[in-house]
Amino acid sequence: MVPQIALLGAGIFVRTQYIPRLRELADYVIVKTIWSRSEESARAAAELARDFAPDIDCKWGEGGLDDIAQDSSIHGVAVVLAGQIQVDVSLRMLRAGKHVIQEKPAAESTSEAEAALSNYGSFLNSRPYQPIWAVAENYRFEPAFAEARKMMENIGDMMNIQVVIEGSMNSSNPYFSSPWRRKLYGGFILDMGVHFIAGLRMVAGFEVATVSAVSSHVDSSLPPPDNLCSHFKLTNGCPGIFVMTVSSPSPKIYWRFVGSKATVQVERGVVNKQHGYSVLFFPGGGSCQSSFFPFSGVNEELKAFFHDISQALDDGSSHEPDPRSSFIEAARDVAVLEAMLESSERDGAPAAVKTF
Ligand SMILES: *[C@@H]1O[C@H](CO)[C@@H](O)[C@H](O)[C@H]1NC(C)=O
């Protein structure tokens with residue numbers, strides 16, 4: 001059965017990412033409703049989707065959210081709102097029995113994530129089926145990271161990891177002025193950083209256990225901090241560094257996993273005008289194998305979510321949703337950054353990462 005969903009939010013990310021991706025996935029999902037706080041923005045976003053969702057209707061305000069919660073023809077919702085309110089809206093929809101995919105970050109803090117999980121657990125058993133709670137973070141669905149994970153089997157003993165993120169969040173970026181990102185604890189380090197931590201955890205195949213970090217605020221046009229430099233230890237004992245600059249004049253993004261027999265590197269790049277990631281394998285002796293994977297994670301994770309909803313509709317409670325997008329996975333990414341931010345507030349004192 002093709003599920004019907006409501007899109008909650010009509011901001012830049014909905015207009016430039018969700019609507020184009022949902023158009024590509026029109027065989028897998030029907031977009032029934034679009035909701036925004038204001039009628040005007042709901043209507044404007046609906047017009048962008050009209051070509052592939054001719055019957056789309058608009059809802060707005062609190063009353064509109066209640067209508068969506070009560071509409072039994074809507075099986076799932078995508079929550080694409082300010083980071084500060086997403087968890088509340090997601091829980092409201094889950095409680096109404098809707099399957100939810102929520103944009104990252106999973107939560108503003110680990111304490112919010114813990115409270116949310118216990119709230120979610122409290123009403124799960126009162127329903128005949130378990131509403132799915134997915135977080136859209138896309139890196140766990142990027143083929144480049146899956147390929148790098150496989151290559152890790154051939155690097156010998158893991159010796160160290162370097163994650164270097166020199167971002168390009170300047171005034172030309174459409175999210176630069178987004179007010180909610182500026183009020184978030186950790187600013188862009190948390191908002192963007194969850195992706196980079198997801199890539200690290202996925203390829204390493206181990207959790208980050210402890211961190212020690214120093215941060216600084218250099219560019220006053222950005223929320224603090226805009227630089228963070230951390231070392232960390234994985235649960236297997238492997239040491240590593242995570243260095244992040246929110247806005248650099250010469251952006252560069254890579255993850256490098258150094259082993260006793262070979263090194264694996266994933267690097268952001270552009271090949272034939274396509275944005276994506278190169279995956280490099282250095283077996284030693286000067287040779288290198290390289291392959292390029294264009295971005296496709298947003299598409300893949302949405303497809304997985306719609307597939308999970310249709311399976312849940314067909315087989316009821318027995319269906320296990322894709323673990324890559326679970327709320328807990330995304331909360332683990334927040335936990336690593338929160339530990340780094342807290343350590344940096346205490347001048348690099350070691351901090352343990354909260355486990356979920
Ligand atoms: C912002 O960063 C991009 C990518 O590095 C660059 O092309 C652009 O010139 C920068 N804009 C400003 C205003 O610095």
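Okay, residues lined up against (1) under 29 Å from T355 (Cα atoms); (2) open to solvent by less than 40 Å² (accessible area, probe 1.4 Å); (3) without any contact (Cβ under 8 Å) to a residue 40 or more places away in the chain; (4) in contact with a helix residue (DSSP H, G or I) (Cβ under 6 Å, 6 or more places away or on another chain):
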{"residue": "P294", "(1), (2), (3), (4)": "no, no, yes, no"}
{"residue": "F305", "(1), (2), (3), (4)": "yes, yes, no, no"}
{"residue": "A312", "(1), (2), (3), (4)": "yes, yes, no, no"}
{"residue": "D315", "(1), (2), (3), (4)": "no, no, yes, no"}
{"residue": "S318", "(1), (2), (3), (4)": "yes, no, yes, no"}
{"residue": "P323", "(1), (2), (3), (4)": "yes, no, yes, no"}
{"residue": "A330", "(1), (2), (3), (4)": "yes, yes, no, no"}
{"residue": "D333", "(1), (2), (3), (4)": "yes, yes, no, yes"}
{"residue": "L341", "(1), (2), (3), (4)": "yes, yes, no, no"}
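Keeping to the range 244-275, report how many residues are more than 16 Å from the ligand (Cβ to nearest atom), over 19 Å from the mean Cα position of the chain (by Cα) and open to solvent by less than 40 Å² (accessible area, probe 1.4 Å). Residues meeting the conditions: 7.
Listed conditions (1) within 19 Å of F305 (Cβ to Cβ); (2) open to solvent by 10 Å² or more (accessible area, probe 1.4 Å); (3) touching a helix residue (DSSP H, G or I) at 6+ places or on another chain (Cβ under 6 Å) are all met by A82, apart from (1).
Of all residues in the range 33-62, those being surrounded by fewer than 20 Cβ atoms within 10 Å (Cβ to Cβ) and in a strand (DSSP E or B) number 3. For the range 147-199, a tally of residues being of a type outside the set (A, V, I, L, M, F, W, C) and open to solvent by 70 Å² or more (accessible area, probe 1.4 Å) returns 13. Can you find even one residue in the range 105-119 that is open to solvent by less than 50 Å² (accessible area, probe 1.4 Å) and acidic (D, E)? Yes - at least one qualifying residue is present in the range 105-119.
Taking the range 176-191 only, how many residues are aromatic (F, W, Y), more than 16 Å from the ligand (Cβ to nearest atom) and in a loop (DSSP other than H, G, I, E, B)?
We begin by selecting, within the range 176-191, every residue aromatic (F, W, Y); these are 176, 180, 185, 188.
The next check asks that each one be more than 16 Å from the ligand (Cβ to nearest atom); those that pass are 180, 185.
Checking which are in a loop (DSSP other than H, G, I, E, B) leaves us with 185.
Here the count works out to 1.
The values are calculated or read from the model by the stated rules, or taken from the named source; none is laboratory data. What you see is a predicted model; the values in this text were computed from it and never measured. Note that we place each Cβ from the backbone using ideal geometry, even for glycine, and neighbour counts take in every protein chain shown. With ligands, DNA and RNA removed, areas are computed over all heavy atoms of the protein, side chains included. Shrake-Rupley method; radii C 1.70, N 1.55, O 1.52, S 1.80 Å.
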